[in-house]
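Enquirer: Before I ask anything, here is the structure I am working with.
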């Protein structure tokens with residue numbers, strides 16, 4: 001399987017990293033460097049496919065990105081893992097491409113492919129030499145129009161997904177408990193789509209049938225559920241002609257119902273305690289409910305994430321690991337990007353002899369610190385620098401630019417947001433940080449999570 005592409009700029013919690021220590025991210029001063037505007041044009045085909053073309057002739061490479069409205073929030077909880085199944089199925093071949101052929105063709109030409117599926121979308125990107133743009137577009141049209149969904153391909157994808165989940169359960173301490181904790185933030189009636197993990201369970205994945213996959217493909221992997229972004233060394237007129245030729249004959253899918261979620265904020269403190277046979281130390285965390293990504297408070301939350309958790313100067317590292325010596329691993333931040341309500345987590349692995357309550361007290365202190373007078377303009381300046389460094393590096397390559405435009409259109413409603421999002425974060429003030437921390441990072445809005453080694457029960 002091709003490796004999943006990292007999300008540009010944004011920090012997404014990786015459970016496996018929590019046991020290895022703090023995430024250390026540093027950035028040198030940028031000496032006035034800024035994020036330049038992205039130039040693009042957009043149109044739609046009659047079958048509903050949205051298309052964005054972003055020419056950039058600084059390299060002889062193109063990034064071809066297709067995002068489908070096919071996240072796990074669109075699957076029933078009883079079929080958890082169905083959306084993730086397609087991370088594998090989209091490489092299972094088509095009417096004219098053999099299994100694995102998409103990735104093989106791309107890599108043989110010196111390109112690369114990436115795929116990931118989360119709660120919101122299925123992301124599939126191919127980067128190729130610009131001379132092979134037509135081939136790359138044809139490959140994407142092939143799997144949009146004639147993906148091989150049959151007993152054989154579904155069985156192989158299901159087996160791979162089960163193996164992946166077993167590996168996570170066996171090798172990633174705290175992962176299952178944290179996943180349950182995040183799901184418990186949401187109500188199964190008013191917000192069913194976020195109550196289960198995209199990874200699914202061994203039971204739900206094992207029960208997935210070919211008919212389930214075929215129906216999901218029909219509803220979600222159709223042109224009216226997709227956006228194609230092509231960025232890099234391209235001629236917009238010629239590319240529009242190719243897109244029309246390859247994609248316009250693919251029929252639109254049925255109008256599937258949109259996932260809905262009625263968020264509930266500040267319902268009062270909640271607690272979840274669990275044991276983990278793979279944990280060797282106590283793990284403790286605070287998981288806060290936060291609004292959807294498009295909310296005006298998101299830029300401040302993104303900077304708070306940096307201040308609290310990133311770099312050697314991050315509060316979790318400096319206070320819990322170096323000063324108090326209470327933790328040997330910390331992590332924190334926004335748990336992915338969501339069109340629905342999200343979560344902001346602070347998590348730590350206890351040093352020997354440190355209790356869960358002590359660890360939780362230290363974590364709560366960092367949240368309170370962020371809302372109080374001790375957070376300074378120096379903290380804000382560091383966060384702005386790191387944020388800007390990530391934004392600049394996240395737009396260096398055509399595949400990255402395609403992802404930025406996809407993100408803007410998906411989570412902000414318009415590709416135009418790609419040219420304003422960074423400025424909004426840079427405009428966040430110290431008063432904004434304190435106000436947002438006081439609004440969201442508070443006990444009434446928190447789930448307390450404690451994970452203990454199974455032997456310690």
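The values are calculated or read from the model by the stated rules, or taken from the named source; none is laboratory data. Bear in mind the structure is a predicted one, so any value in this text is a computation, not a measurement. We place every Cβ from the backbone using ideal geometry, glycine too, and count neighbours over all the protein chains shown.
Enquirer: List the number of the failed condition for residue 240; all other conditions in (1) over 22 Å from residue 115 (Cα atoms); (2) part of a loop (DSSP other than H, G, I, E, B); (3) touching a residue at least 12 places away in the same chain (Cβ under 8 Å) hold.
Expert: In the conditions (1) over 22 Å from residue 115 (Cα atoms); (2) part of a loop (DSSP other than H, G, I, E, B); (3) touching a residue at least 12 places away in the same chain (Cβ under 8 Å), residue 240 misses (2) alone.
Enquirer: When you go through (1) under 30 Å from residue 245 (Cβ atoms); (2) modelled with pLDDT under 90 one by one for residue 188, which number turns out not to apply?
Expert: (1)
Enquirer: List the pairs whose first member sits in the range 170-183 and is at positive phi, whose second member is at pLDDT 90 or above and not in a helix (DSSP H, G or I), and whose Cβ atoms are under 7 Å apart, counting only residues at least 6 apart or on separate chains?
Expert: So the pair list comes out as 174/276; 174/279; 174/283; 174/451.
Enquirer: Residues that are free of Cβ contacts under 8 Å to residues at least 60 places away in the same chain and out of contact with any helix residue (DSSP H, G or I) (no Cβ under 7 Å at 6 or more places or on another chain): does the range 323-330 have at least one?
Expert: Looking for residues that are free of Cβ contacts under 8 Å to residues at least 60 places away in the same chain and out of contact with any helix residue (DSSP H, G or I) (no Cβ under 7 Å at 6 or more places or on another chain), one finds at least one in the range 323-330, hence yes.
Enquirer: Test each condition in (1) out of contact with any strand residue (DSSP E or B) (no Cβ under 6 Å at 6 or more places or on another chain); (2) surrounded by fewer than 18 Cβ atoms within 10 Å (Cβ to Cβ) for residue 454 and report the one that comes out false.
Expert: With (1) out of contact with any strand residue (DSSP E or B) (no Cβ under 6 Å at 6 or more places or on another chain); (2) surrounded by fewer than 18 Cβ atoms within 10 Å (Cβ to Cβ) applied to residue 454, the lone miss is (1).
Enquirer: Another question, then. Scanning for something surrounded by 15 or more Cβ atoms within 10 Å (Cβ to Cβ), under 19 Å from the mean Cα position of the chain (by Cα), within 28 Å of residue 390 (Cα to Cα) and assigned by TED's automatic domain parsing to the domain that holds residue 191, does the range 229-243 turn up at least one residue?
Expert: Checked against the condition, which is being surrounded by 15 or more Cβ atoms within 10 Å (Cβ to Cβ), under 19 Å from the mean Cα position of the chain (by Cα), within 28 Å of residue 390 (Cα to Cα) and assigned by TED's automatic domain parsing to the domain that holds residue 191, the range 229-243 yields at least one hit.
Enquirer: Further question: Go through (1) crowded, with 24+ Cβ neighbours inside 10 Å; (2) at pLDDT 95 or above; (3) over 23 Å from residue 266 (Cβ atoms) for residue 310 and report which single condition fails.
Expert: Checking residue 310 against (1) crowded, with 24+ Cβ neighbours inside 10 Å; (2) at pLDDT 95 or above; (3) over 23 Å from residue 266 (Cβ atoms), the one that fails is (2).
Enquirer: Of all residues in the range 107-131, count the ones that are farther than 14 Å from residue 228 by Cα and touching a strand residue (DSSP E or B) at 6+ places or on another chain (Cβ under 8 Å).
Expert: The qualifying residues number 13.
Enquirer: Return the residues of the range 424-457 that are free of Cβ contacts under 8 Å to residues at least 60 places away in the same chain and within 25 Å of the chain's Cα centre (by Cα); say none if nothing qualifies.
Expert: Listed by number, the list holds a single entry, 426.
Enquirer: Take the residues in the range 259-293 that are part of a strand (DSSP E or B) and within 22 Å of the chain's Cα centre (by Cα); name whichever of them is surrounded by the fewest Cβ atoms within 10 Å (Cβ to Cβ).
Expert: This residue is 289.
Enquirer: Can you tell me how many residues within the range 396-407 are touching a helix residue (DSSP H, G or I) at 6+ places or on another chain (Cβ under 9 Å) and surrounded by 22 or more Cβ atoms within 10 Å (Cβ to Cβ)?
Expert: Total satisfying the criteria: 6.
Per-residue answers, yes or no, for (1) within 28 Å of residue 339 (Cβ to Cβ); (2) in a loop (DSSP other than H, G, I, E, B); (3) modelled with pLDDT under 95; (4) touching a strand residue (DSSP E or B) at 6+ places or on another chain (Cβ under 7 Å):
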| residue | (1), (2), (3), (4) |
| --- | --- |
| 133 | no, no, no, yes |
| 137 | yes, no, no, yes |
| 141 | yes, no, no, no |
| 159 | no, no, no, no |
| 162 | no, no, no, no |
| 169 | no, no, yes, no |
| 182 | yes, no, yes, yes |
| 199 | yes, yes, yes, no |
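Enquirer: Could you tell me how many of the residues in the range 302-350 are in contact with a strand residue (DSSP E or B) (Cβ under 8 Å, 6 or more places away or on another chain) and closer than 17 Å to residue 407 by Cα?
Expert: 6
Enquirer: Same structure again: Would you be able to say whether some residue in the range 78-88 is surrounded by fewer than 17 Cβ atoms within 10 Å (Cβ to Cβ) and either assigned by TED's automatic domain parsing to the domain that holds residue 426 or not in a strand (DSSP E or B) (or both)?
Expert: Yes, because at least one residue in the range 78-88 is surrounded by fewer than 17 Cβ atoms within 10 Å (Cβ to Cβ) and either assigned by TED's automatic domain parsing to the domain that holds residue 426 or not in a strand (DSSP E or B) (or both).
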